[in-house]
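Only one structure is covered here, and it is reproduced in the block below.
Read-outs throughout are calculated quantities, based only on the coordinates presented, and are distinct from any laboratory measurement. In this text, all values refer to a predicted model and were calculated from it rather than measured experimentally. Quick reminder, even Gly has a Cβ in these numbers, built from the backbone with ideal geometry, and neighbours come from all protein chains shown.
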Amino acid sequence: MVNMKSKASPFVKHFEARKEILNIWIKKMGYKRNPFLGFTLPNPELLVEMPDFLESLVDIIVANERPAIFLRGPVGVGKSTHLILIRRDIKDLQDLSGNSFRTAYIDRSGLHARQFARLCAIGFNVKFNKTDDSDEIMDAVGKDIKMKYSEDQIRSVLLAEDISENQHEIFSKLQYLADLNAEATEEPIATILMTGTTEYFQALAAVLPQIADRCEPIDVPKFELKHSREFIGRRISYAKKEISSFDLDNFSIKPFDDNAVRILHESSQGIPRDLRLLCRAAISLASDTLSRKESEGEINVEMARMISNHYKQFLTEV
């Protein structure tokens with residue numbers, strides 16, 4: 001029998017060795033998994049909330065002053081996180097006229113018009129024929145939104161991630177939803193909440209003012225130091241399978257030193273995605289020093305500075 005391990009490339013052998021070293025560190029810390037892996041659909045208990053900002057977003061939707069909201073900010077700042085949190089909270093609220101809310105969530109990008117229309121219909125649980133084109137599907141969605149509003153006093157909220165990555169023709173569908181209104185008052189009965197970069201919103205305003213003019217642009221705030229500490233604390237608690245009992249007033253960030261967290265926070269510039277990247281690099285370095293018996297696997301100030309300096313140019317260019 002051929003030993004496949006012996007035929008592995010040097011790259012594969014190196015990767016497997018690094019993986020084994022990291023697993024030793026994970027077990028040493030008492031974790032069940034790597035705390036800083038990414039998630040396609042994150043556990044809501046891992047999300048770091050900014051209550052004041054979230055409340056202001058929900059207030060804008062409830063007040064119904066604009067049919068569209070554009071959450072903008074750099075990649076990784078937490079735009080999608082806030083869509084998840086809004087979807088969680090809005091279903092339990094009513095607007096000033098006593099209308100309740102339902103949501104549809106589109107977390108895919110790179111869509112053409114028919115895909116987008118289908119996902120809108122599926123999200124709002126609207127029936128359509130498989131042979132329908134995008135206009136026919138959106139017409140069914142629009143009729144359903146009007147019916148829900150007039151008969152059940154339910155407003156519809158569409159949450160759409162990274163809207164700029166979709167095809168241009170989708171914006172006519174967004175405009176159609178934004179223009180739906182109550183016949184008596186002409187107030188919007190559907191709210192669209194989109195995400196994208198600041199640069200993209202500026203381009204949208206220049207190229208498609210009919211869409212941008214319907215939007216309330218809102219900048220997503222970056223993490224403060226307390227948020228970065230909580231981000232790390234939640235991830236560590238999750239790795240220990242203790243996230244269900246996470247206490248915001250009393251949590252551990254070990255094996256991270258407090259000053260190390262401060263350095264990593266400053267290096268990330270308050271962007272959660274970049275903080276996670278730096279933390280992954282930090283625990284990789286810590287596992288290496290543990291394997292060489294140079295430490296107990298902690299992440300100290302010296303390590304944090306080394307990681308921050310190493311990734312400084314990369315984070316600036318991304």
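Details
- Applying a DSSP loop filter and a limit of 15 other Cβ atoms within 10 Å to the GluC sites (Glu not before Pro) in the stretch 131-177 leaves E169.
- For the stretch 257-318, the set of GluC sites (Glu not before Pro) satisfying both a DSSP loop assignment and a count of at most 16 other C-beta atoms within 10 Å is given as E294, E296, E298.
- Once you reduce the stretch 86-133 and the stretch 237-296 to the center of their Cα atoms, the two points are 37 Å from each other.
- Given in Å, the Rg to one decimal and the Dmax to the nearest whole number for the Cα atoms of the stretch 168-301 are 22.3, 74.
- For trypsin sites (Lys or Arg not before Pro), the sites in the stretch 17-76 that DSSP calls loop and that have at most 15 other Cβ atoms within 10 Å are K32, R33.
- Calculated from backbone phi, Karplus (6.51, -1.76, 1.60) coupling profile of the stretch 217-225 in Hz, x at Gly/Pro: x, 9, 7, 7, x, 7, 4, 8, 4
- Annotation: aspartates and glutamates with alpha-carbon distance below 14 angstrom to K312 (same-chain offsets under eight excluded): E266, D274.
- Distant-in-sequence amide contacts of F256, defined by a placed amide H-H separation under 5 Å and a gap of 5 or more residues or a different chain, comprise I299.
- Table column - 3J(HN,Hα) (Hz), the stretch 290-307, Karplus curve with 6.51, -1.76, 1.60, x for Gly and Pro: 5, 5, 8, 6, 9, 7, 9, x, 7, 10, 9, 4, 4, 5, 4, 5, 4, 5
- Diffusion coefficient of the stretch 234-290 by Stokes-Einstein, Kirkwood radius over Cα pairs, 4 °C, 1.567 mPa s: 105 µm²/s.
- Descending semi-axes in Å of the stretch 51-219, equivalent ellipsoid built from Cα gyration tensor: 22, 20, 15
- Net charge of the neighbourhood of Y105, taken over other residues with C-beta under 15 Å away and scored Lys/Arg +1, Asp/Glu -1, is +3.
- At an R0 of 30 angstrom, the distance between the Cβ atoms of Q94 and E169 translates into a FRET efficiency of 0.30.
- Under the Karplus curve 6.51 cos²θ - 1.76 cosθ + 1.60, θ = phi - 60°, whole-Hz ³J(HN,Hα) for the stretch 128-141, x wherever Gly or Pro sits: 8, 7, 4, 8, 5, 8, 5, 5, 5, 5, 5, 5, 5, 5
- Under-5 Å amide H pairs with L93, H placed in peptide plane, nonlocal only: F101
- Just so you know, the Rg over Rh for the chain is 1.06, from Cα atoms, with Rh as the Kirkwood radius.
- For the chain: relative contact order, % (alpha-carbon pairs under 8 angstrom, 6 or more apart): 23 percent
- Residues whose amide H lies under 5 Å from that of T195, counting only those 5 or more places away or on a different chain, are L71, A160, D162, I163; hydrogens are built 1.01 Å from N in the peptide plane.
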